[in-house]
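Below: the structure, in structure tokens.
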Amino acid sequence: MRKKTLFCLFMAAILALPMTMLAQKLDNAVKVQSPDGQLELSFAVVDGVPHYALDRAGKPVVLPSKMGFTLEWRDDLAHAFVLKDTKYDTFDETWEPVWGEESQIRNHYNEMLVTLEQPIGSVESMDHSTEKKATVMQIRFRLYDDGLGFRYEFPMENALVYFWVKEELTEFAMAGDHTAWWIPGDLDTQEYNYTESRLSQIRELWDGSHKDGGWPWTAFSPTGVQTAIQMKTDDGLYLNIHEAATLDFPTMHLDYDDQNRVFRAFLCPDATGYKGRVQAPFNMPWRTVMVTTSATDALASRLILNLNEPCALEDVSWIHPVKYMGVWWEMISGKSSWSYTNDFPSVKLGVTDYEHATPNANHGANNANVRRYIDFAAANGFDALLIEGWNIGWEDWYAKQKDFVFDFLTPYPDFDLPALNKYAHEKGIRLIMHHESSASTLNYERWLEKAYTLMNQYGYDAVKGGYVGTIIPFGEGHYSQPINNHYHYCITEAAKHHIMVNSHEAVRPTGLCRTWPNMIGNESAMGTEFRERINPGHTTILPFTRLQGGPMDYTPGIFETDMGKIVPWGGKMRTTICNQLGLYVTFYSPLQMAADFPEHYAQHMDAFQFIKDVAVDWDKSLYLMAEPGAYIVTARHPKLSTLNKAAEGVGTLPDGKKGVVSNATKFVYDLPDDATIEDLWHATPHDVWYVGGITDENAREVEVKLNFLKPGVKYEATIYADAKDASGIPDEHYNAQAYTITKKTVTSKSTLKLRMAPCGGFAVSLRAL
Ligand code: NOJ
Ligand code: CA
């Protein structure tokens, strides 16, 4: 009796073991290794089913995992395969991004292309015309030193030319119960705080992971997560699953099978429930598994960019980095409104008479206020100013599921579009256009050409887009194939008009900015607009996850962090002024905002100096210390060729101020505030570095070795640090505006000891003397 019980317990334990632990290796596999020989990819067809596995230094990273698709109207791409051919290649090239974290990126990989066939007669097809051909599916694997990319390819010579995907069957079988930083799987929003947990805890924590998130939220599974997901193994490996070059295809989320420790690809369905309509020849997006031995190497990885195609634009001279301010935080904080009037419960474009409407008292985008911002931005060496709420339609834009919501052309009566542009240009500032579509992609496409033409007419060269709410056409989610195609259409049309695009609420990027560098920003994650709801560690996770696919318009720079001082319902943001400064170096974005009000900066002009001095585009970036969810310390070296590009662009406008020198340029060339372009021509650049640090709710002391400075050269370091009693924790010790600014002479032999307050950070500018 006792023996029997023991036996049953033993059997139960065996059955409870994750399935994957039973199959560690693929027999008879074809293999390819990374250039450094550390990563090895194995591929084999097992009983007709394609499988891959990934090892690092002989240890499994991805256990044998299935590949394939189920299809509509036809037998699945999930069985009856034979391996027909295997080809190998190797590639090593260095390319120069138009903008980025460095001026040169090495793209070095070994490749294996497997050609699989479902032989004639082995599968059923509804399409009799193609019965005389085999079905061909190729899988291209690229092995880099820092990870794997693979994609499915469908050549034209194929029984399978047109097909509809029901499910992608790609698996990522995990070799352990890793620690993970994840946001819940959702078809409409990525605006979530990250949850840190073991993989086995995803199910129990999943409901809570929606707390404080964006809207609308549309879940698909109680263990669904989004990519990029960052993980850390107990052996200290950093793994990241994501995708690259998602074009004409739905976004891939992941469904976690916690019985077997397997992530399964979950493609975001379209309104009919399908997950992609394919026409051969077609290459699907890359699926990626980044593998690094340190967190800093994960930040330095360019896997996603490298898997994208080279720049598609011949002329990129019109693309430039942008440091901007905005008539924006007023609305986000609740101080001002986007809308012009309270007269109308319902607005009809072309019918509603705004000319005779009573203005409300707090429309932010009015002429006087916009001029005030232009004056401040110009006086402080910024490139541009965003203005939201300039166009008719904001009275009933939100959550009404309204198709004809905006025309993107007609300004409110108190926004003089020609005059404000002229005023801005004369001061050396460009205005940034705002197109909130309210998620009516249909309506936006209706007006797109006219809207971009209007921008060209008045000299706008950048637009911030938005997709708040339920997507129209109804039934679509934010990341389905047709809607991903919409976002891409906007980018390609904008390029024709020489317009740079920064979309909010659009699909999270997958490195497409390499190919389309006019895509200078995206939000696609929880950004500053979530104010006091943002978790302290959030900004230390984003560079590992969301930012892997491209820059984020996070909109940092809040100096008045107690929102209760602006509106009665406001809370305290979990940050400090120095944490906000640190973000300018931590987050790469060629489009960087100083988000707070001019009057808040005016109270702290000494700390604001860092925002003025910091560059936004780099020729070198060093990730000095990092741990997701805890801290990041980054050092960056400015790229001289783009430093003054935005300022010079304004000078090419007929009414644009000539010879403007941006503030970061003045810092690098050590020029006075009133410097002219002639002064710049005669000046020599100094060697400059910026260092930024951020921490979560834990105070930390870090020692930053300055060994990246030029040996034998003296630098002046300006150190912006949290004061001893600073704290971003919203309790009785909250003290977010307490900082010290010190200057020191340092060399490459110096070490800076810096203390970050809870939720704090630091920023340092270093200029060779
Ligand atoms: C959400 C965006 O993220 C925010 O920046 C913008 O102000 C509003 N939508 C209105 O367009
Ligand atoms: Ca948003």
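The values are calculated or read from the model by the stated rules, or taken from the named source; none is laboratory data. What you see is a predicted model; the values in this text were computed from it and never measured. Cβ coordinates were reconstructed from backbone atoms using ideal geometry, including for glycine residues, and neighbour counts include every protein chain displayed. Accessible surface areas use protein heavy atoms only, side chains included; no ligands, DNA or RNA. Shrake-Rupley method; radii C 1.70, N 1.55, O 1.52, S 1.80 Å.
Would you confirm, using the coordinates I've provided, whether Thr288 is under 30 Å from Val165 (Cα atoms) and polar (S, T, N, Q)?
yes
In the list Met500, Met433, which residue meets the criterion of being away from ligand 1 (no atom under 16 Å from the Cβ), open to solvent by less than 30 Å² (accessible area, probe 1.4 Å) and of a type in the set (A, V, I, L, M, F, W, C)?
Matching residue, one of Met500, Met433: Met500.
Listed residues Val351, Val327; which is without any contact (Cβ under 8 Å) to a residue 24 or more places away in the chain and either within 16 Å of ligand 2 (Cβ to nearest atom) or of a type outside the set (S, T, N, Q) (or both)?
It is Val351.
Against the condition within 14 Å of ligand 1 (Cβ to nearest atom), part of a loop (DSSP other than H, G, I, E, B) and without any contact (Cβ under 8 Å) to a residue 40 or more places away in the chain, how does Pro556 come out, does it pass?
yes
Here's the yes/no breakdown for (1) touching a Phe, Trp or Tyr at 6+ places or on another chain (Cβ under 6 Å); (2) among the polar types (S, T, N, Q); (3) within 18 Å of Gly149 (Cα to Cα):
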site: Leu247; (1), (2), (3): no, no, yes
site: Thr251; (1), (2), (3): yes, yes, yes
site: Asp258; (1), (2), (3): no, no, no
site: Arg264; (1), (2), (3): no, no, yes
site: Pro269; (1), (2), (3): no, no, no
site: Thr272; (1), (2), (3): no, yes, no
site: Val278; (1), (2), (3): yes, no, no
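When the residues of the range 466-476 are narrowed to those that are touching a Pro at 6+ places or on another chain (Cβ under 9 Å) and open to solvent by 10 Å² or more (accessible area, probe 1.4 Å), which ends up farthest from ligand 1 (Cβ to nearest atom)?
Only one residue tops the list, namely Pro473.
Could you tell me which residue of the range 505-520 is nearest to Gly149 (Cα to Cα), considering only residues that are within 16 Å of ligand 1 (Cβ to nearest atom) and open to solvent by 20 Å² or more (accessible area, probe 1.4 Å)?
Val507
How do the strands (runs of 3 or more DSSP E) wholly within the range 436-543 filter down when requiring 2 or more residues that are away from ligand 2 (no atom under 16 Å from the Cβ), within 18 Å of Ala399 (Cβ to Cβ) and of a type in the set (Lys, Arg): which remain?
Once the strands (runs of 3 or more DSSP E) in the range 436-543 are filtered for at least 2 residues that are away from ligand 2 (no atom under 16 Å from the Cβ), within 18 Å of Ala399 (Cβ to Cβ) and of a type in the set (Lys, Arg), nothing remains.
Quick check on this structure: which one of Asp696, Asp687, Asp725, Asp731 is farther than 30 Å from His425 by Cβ and without any contact (Cβ under 8 Å) to a residue 12 or more places away in the chain?
That would be Asp731, the only listed residue that is farther than 30 Å from His425 by Cβ and without any contact (Cβ under 8 Å) to a residue 12 or more places away in the chain.
Report the residue count in the range 646-677 for those that are touching a helix residue (DSSP H, G or I) at 6+ places or on another chain (Cβ under 9 Å), open to solvent by 50 Å² or more (accessible area, probe 1.4 Å) and on the phi > 0 side of the Ramachandran plot.
0
So which residues in the range 599-645 are open to solvent by less than 20 Å² (accessible area, probe 1.4 Å), among the aromatic types (Phe, Trp, Tyr) and closer than 30 Å to Thr545 by Cα, if there are any at all?
Scanning the range 599-645 gives Phe608, Phe610, Trp618.
Taking strands (runs of 3 or more DSSP E) that fall entirely within the range 253-339, which contain at least 3 residues that are away from ligand 1 (no atom under 16 Å from the Cβ)?
Hits in the range 253-339: 262-267, 277-279, 286-292.
Quick check on this structure: which one of Ala419, Ala495 is over 30 Å from Asn367 (Cβ atoms) and either surrounded by fewer than 18 Cβ atoms within 10 Å (Cβ to Cβ) or away from ligand 1 (no atom under 16 Å from the Cβ) (or both)?
Just one listed residue meets the conditions, Ala495.
Would you check which residues across the range 251-268 are open to solvent by 10 Å² or more (accessible area, probe 1.4 Å) and within 22 Å of the chain's Cα centre (by Cα) and list them?
Within the range 251-268, Asp255, Phe266 meet the criteria.
Picking from Ser336, Ser346, which residue would you name as being small (Gly, Ala, Ser), crowded, with 17+ Cβ neighbours inside 10 Å and more than 16 Å from ligand 2 (Cβ to nearest atom)?
That would be Ser336, the only listed residue that is small (Gly, Ala, Ser), crowded, with 17+ Cβ neighbours inside 10 Å and more than 16 Å from ligand 2 (Cβ to nearest atom).
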